[in-house]
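Take a look at the structure set out below.
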2 protein chains.
Amino acid sequence: MVLKVTVNGWRAARTLWLLLLVSLSVCISVCRATSSREEDSAMENIVTEKKAEESHRQDSADLLIFIMLLTLTILTIWLFKHRRFRFLHETGLAMIYGLIVGVILRYGIHVPRDISNVTMSCHVNASPATLLVNVSGKFYEYTLKGEISANEVNDVQDNEMLRKVTFDPEVFFNILLPPIIFHAGYSLKRRHFFRNMGSILAYAFLGTVISCFIIGLLMYGCVMLMKQMGQLGGDFFFTDCLFFGAIVSATDPVTVLAIFNELQVDVDLYALLFGESVLNDAVAVVLSSSIVAYQPQGDNSHTFEVMAMLKSFGIFLGVFSGSFALGVATGVVTALISFFTKLRDFQLLETALFFLMSWSTFLLAEACGFTGVVAVLFCGITQAHYTFNNLSPESQDRTKQLFELLNFLAENFIFSYMGLTLFTFQNHVFNPMFIIGAFIAVFLGRAANIYPLSFLLNLGRRNKIRSNFQHMMMFAGLRGAMTFALSIRDTATYARQMMFSTTLLVVFFTVWICGGGTTQMLSSFLFCHVTFVGVDSDQDNSVSVAIAEGSERRSTKQESAWLFRIWYNFDHNYLKPILTHSGPPLTATLPPCCGPLARFLTSPQAYENECQLKDDDSDLILTDGDINLTYGDITVSTDASGAHTSSGPAFAGAATSDDLDRELAYGDHELVMRGTRLVLPMDDSEPPFPDPRHGLRM
Amino acid sequence: MVLKVTVNGWRAARTLWLLLLVSLSVCISVCRATSSREEDSAMENIVTEKKAEESHRQDSADLLIFIMLLTLTILTIWLFKHRRFRFLHETGLAMIYGLIVGVILRYGIHVPRDISNVTMSCHVNASPATLLVNVSGKFYEYTLKGEISANEVNDVQDNEMLRKVTFDPEVFFNILLPPIIFHAGYSLKRRHFFRNMGSILAYAFLGTVISCFIIGLLMYGCVMLMKQMGQLGGDFFFTDCLFFGAIVSATDPVTVLAIFNELQVDVDLYALLFGESVLNDAVAVVLSSSIVAYQPQGDNSHTFEVMAMLKSFGIFLGVFSGSFALGVATGVVTALISFFTKLRDFQLLETALFFLMSWSTFLLAEACGFTGVVAVLFCGITQAHYTFNNLSPESQDRTKQLFELLNFLAENFIFSYMGLTLFTFQNHVFNPMFIIGAFIAVFLGRAANIYPLSFLLNLGRRNKIRSNFQHMMMFAGLRGAMTFALSIRDTATYARQMMFSTTLLVVFFTVWICGGGTTQMLSSFLFCHVTFVGVDSDQDNSVSVAIAEGSERRSTKQESAWLFRIWYNFDHNYLKPILTHSGPPLTATLPPCCGPLARFLTSPQAYENECQLKDDDSDLILTDGDINLTYGDITVSTDASGAHTSSGPAFAGAATSDDLDRELAYGDHELVMRGTRLVLPMDDSEPPFPDPRHGLRM
């Protein structure tokens, strides 16, 4: 019976799938045919409204192609998951479908030349944002889209059709990237992230800068060589090389992390890789914009100048810290709002507010001239750290699911567009020498990032980054959405076009080969050497494992970065109580002289929670007798009645370092943490992290 | 303790709220100041990139204003809800905030005149979609935005700032309206909707057409009078009047329905009002576009011509039925996909697919030249009727919550924009006579829709539409998002501008006065006369009520529209089994001669469900003894062991009419309905309907 179901369902599914594939190509050709017919009639009828209508229809049809692509991708992902076929990641799949449609659009359909473009020569010495054109008495308004290089002018007239499936590159930055980055921040495993913060920051900042300069230098050598061999068709300056280095230094975590997640490798190392690739993106964005901002004064704008470089460096620091501050600020404001209002009674309002505040971070940063994507990342982390604790359980689910969905859609859209653009982009410059050089440079740049830094970090770490894990990090350096978005942002000059084409190939190669083909290799490799260094306690609720981990953690205490340790104490004792309903009441953590202030700032709920905790405890007690745990200098003893007693310095003003470790281990459990530093090792799940059984990946 | 919490929380919330209000105005002025400074420097520096960057910053700042507005609205809604203050609906509130910001933008901030607009006179006899401008050797690309009337040309140059907060009207149709309309369709109480389908269709089609023509005629009289008095500043044809009639005939259900929901009035009447106002919108959209399409041949384009009118009528029928067919088709395709694949194992994929397919309806309809909004409505209804049954419970929640959120955000955005646009729109034409005429016409048009039709319908209905409910429907005829979107779509001519200004006032008046002030009046009025005609069984799980309702329903059998009865049998016996996992297996409903076909089409799961049902039954049995229900000619008897026996013709090929009634009552309960026509009156909740405790309103 069950067999019959599967077989029958299978046949039907495959038929359906083929049907969809065929219907997609039919849809494309029909859409195209419609548009061409429409354009023919348009030549006769020059009514503006009709033209606007047509253009709208065309846009709808173009968008429809992408929606169909995404639908196909989803169905195929399902097929793969259903069959446990893991050679190809979903993003790789989206790219393949994009490629197929790109080929169809490029070679399959011929659209008659649209001669409605008019080139006018006007005697204006400016290019205003808005243009009013007086056409035989009627005024038409035009908005500036951008500059076009002289050799593109003919292309514009030739390939109107291909240009129409080309999105404004800013769409990626303003619509598609923010949810992806926010989701990454919101789903960061905070505990492990914070414990490895030192290493992560080293990889993300130092590593990215090293990688950027190594790649830049190597590419400059390559370009010099090409110039001497006469293979260069345009200008290519050192800043261009550095820019290329910056954009290909942004690594994408998705593919390899999906494998990591399935294999349950050491969570600390997992956090290291994930944290690095998330922060990586932020650094690369700001770095590339500071490189663009490098403009020496004087006539020759491509010489080295200390002042200009310092200015670039200043821009980097300013933009990064500004974006960081803004992101954290809106996160804190959201936490405050959800803290002081009782929005949790109305989940829809709560979710809407959360969404709007997170979005406003992006807009605020962009309006202030900072980088929205970076602000959104830190906003996500702050929201997860503070606001999440104030949300109602339903809103916690809703927000997680909402951003998971947005992330999924945006990511697959970008990757399928990537595939499409390989064929539909008009100004590809494929230079074999540059491409080979780029591949070597990317490889060496990543190596120069990982190996030396790992060596240095291992000097300070007790939980060493083993060599096979370092190889893993080499391979896991996929280039993805961020690299693509950065490279497509500006394709005006010859250098940028060559960069864009090369970047596309780098992304394809890393996603397909590193992300796909090596899956099996890596997984077996990992299973032998890396796995089970620690147990992923995020998926393990048993007390014994937690205890074992607790002792293990105590031994690795020194790895908890000292700078983080200071911050952590501050965060736990002052910020958490002020911003969230979890954490101890301020009256307990502030020195007695600040009593009135503490009472003013502490939410009555914190006291309430403290009272409630005693009542709630009974819900948390395991049924099989009493639990008595000893952690260093504090003894937590609970009995079935729910009363708890404790000894040791845990109730003193400042958290001890053992306390910190325990907090790190269990701090995210909302019920347990409310209003006291006592910790019951019941359930260690980290809230904003999708359950691996439900979600697709991290 | 609790009191202290509330008071303390209150004070904090109010402070926070004031703070936000202040910060909004500061934000606005800062954004504006930034932009003006930027524009000053732009005059010196004419680099295109910088200008694009500025424009992007400006856009971000503008969008930020709306986000802040929405945030404020949310917080204030929360305050109102918290204090049980019901005089003002959230949409009304959003409008007020919009108005305030509009005043600030208009009168509070002075931006120096932007002289970067250039008016060029060129000798071209066409207005191409893309323009290439050669500015001193460099080519710039411009895209057509639209025609501007001659008197607007100066405005464009004067008030660049105000124009920048003006969105492209198509944004409303292509981005904001679809989720609202889809949500309406998806959350329609299908059972009650289908039972009152005859009346709903009569109100929606006949009623809207009547209202449109009554208003059109009255307005034409008004315009004629104005012409004679010399108060008319431009052309105003009869088609314009009809167009005005069409757009103000679209009623918005939200406000009054929120009250209805709280008061738990008769569900049938509720469904009548909701169904009418939802379909209303669809009819009004298509009607207005057919009126625009009315173009008699020959020179005088504003005379009456039979052929042109017939053509308009044909367009109405074609576009409406085309959109309907497309919407239903994509709904059915989604149902088929979710039926044949086991996507329910991967909720993220399932939700994403659902979202994409629903969106593709809109795009497909637009690409084919139909009306996307109408297609989306019927897609929503189809998705709720079929696909919803195939989704996993988690995806059912996810999709509900997703569209609830989108609906909430889009709606409040539109209403706050409405408030803003009263002051920021450049070409308002407020003509007192026209406005007074319009108010009278709108009132009379609604009356001519409701009262005569109700009288006619009451001749055929047993569950009469009482006169006080008719008054209710008069008052409930608010004009909202759809009316606004239709009127702002085209504001090129004098007539359209006057219409737009008048429409804005109509919306303000109906939302504030009808929706807000009369709440108390209506609610007391309703409580005395209308409530408790029936009990809203959607919120009542007790068996006794269900039985009582069951018998009540049998007495109103004749009201179930006969045309619906035919369709229903077909739907239940053939469509539901083919498209969903609920409903009886086809082998039971098709005649024996079609055996092989039935076996081919029936999903093995249907058989499985039938088997499972016997096992699952035990879960459905109430613990307090046996239940024995008698419905007309079928006896369902269940005992605690879960075995069920039945007698009567229920297993025959065609469903009897009693069967239909029962099905209507309980058909949406998934577990109960799987694979059999036996019905256990356990839980009558209608799936895609948000729980009133969670959501804000229906």
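The values are calculated or read from the model by the stated rules, or taken from the named source; none is laboratory data. Keep in mind it's a predicted model, so treat the numbers as computed, not measured. Using ideal geometry, Cβ is built from the backbone for each residue, glycine included, and neighbour counts are taken over all protein chains shown. The area values use the complete protein model at the heavy-atom level, side chains included, leaving out ligands, DNA and RNA. Shrake-Rupley method; radii C 1.70, N 1.55, O 1.52, S 1.80 Å.
Label point of A:R462 (7 Å along Cα→beta-carbon): distances to the other copies' equivalent points are 8.1 nm, sorted ascending. Beyond 30 Å in Cα-Cα separation lie the following of the pairs A:K81/B:K400; A:K311/A:K400; A:K50/B:K311; A:K311/B:K50: A:K311/A:K400. A:F403 sits with roughly 10 Å² accessible to a 1.4 Å probe, with DNA, RNA and ligands left out of the calculation. Each copy carries a label point for B:F430 at 7 Å from Cα along the beta-carbon vector; from one copy to the others these points are 6.4 nm apart, nearest first. Separation of the stretch A:449-498 from the stretch A:345-392 is 28 Å, based on Cα centroids. Decide, for the stretch B:354-400, between rounded, prolate and oblate: order the square roots of the alpha carbon gyration tensor eigenvalues as a ≥ b ≥ c, take rounded if a/c falls under 1.5, and otherwise choose prolate if a/b is larger than b/c, else oblate. The shape class here is prolate.
A:K50 exposes around 110 Å² of accessible area when a 1.4 Å probe is run over every protein chain in place.
Of B:H581, B:H82, the residue with the largest accessible area leads and the full order is B:H82, B:H581 (1.4 Å probe). Averaging the inverse of every distinct alpha carbon separation and then flipping it gives the Kirkwood radius. What is it for the stretch B:266-360, in angstrom units? So the Kirkwood estimate lands at 16.7 Å. Ordered from highest to lowest accessible area with the whole protein assembly present and a 1.4 Å probe, B:Y220, A:Y270 read as B:Y220, A:Y270.
Ordered by solvent-accessible area of protein heavy atoms (1.4 Å probe), largest first, the residues B:W512, A:W78 come out as B:W512, A:W78. Among A:243-250, B:316-323, A:197-204, B:175-182, sorting by the average number of other beta carbon atoms lying within 10 angstrom of each residue, highest first, gives A:243-250, B:175-182, A:197-204, B:316-323. Among the residues of B:72-79, the average count of other protein chain beta-carbon atoms within 10 Å of the residue beta-carbon is 4. Sorted from shortest to longest, the distances between the B:A325 label points of this copy and the other copies are 6.2 nm, with each point 7 Å from Cα along the line through the beta carbon.
Taken residue by residue and averaged, Cβ atoms of other chains lying within 10 Å of the Cβ of A:404-417 number 2. Shape class for the stretch A:304-425, computed from the alpha carbon gyration tensor (a ≥ b ≥ c): oblate, with a/c not under 1.5 and a/b at or below b/c.
In terms of its alpha-carbon gyration tensor, the stretch B:400-501 comes out oblate; a/c meets the 1.5 threshold, while b/c is at least as large as a/b.
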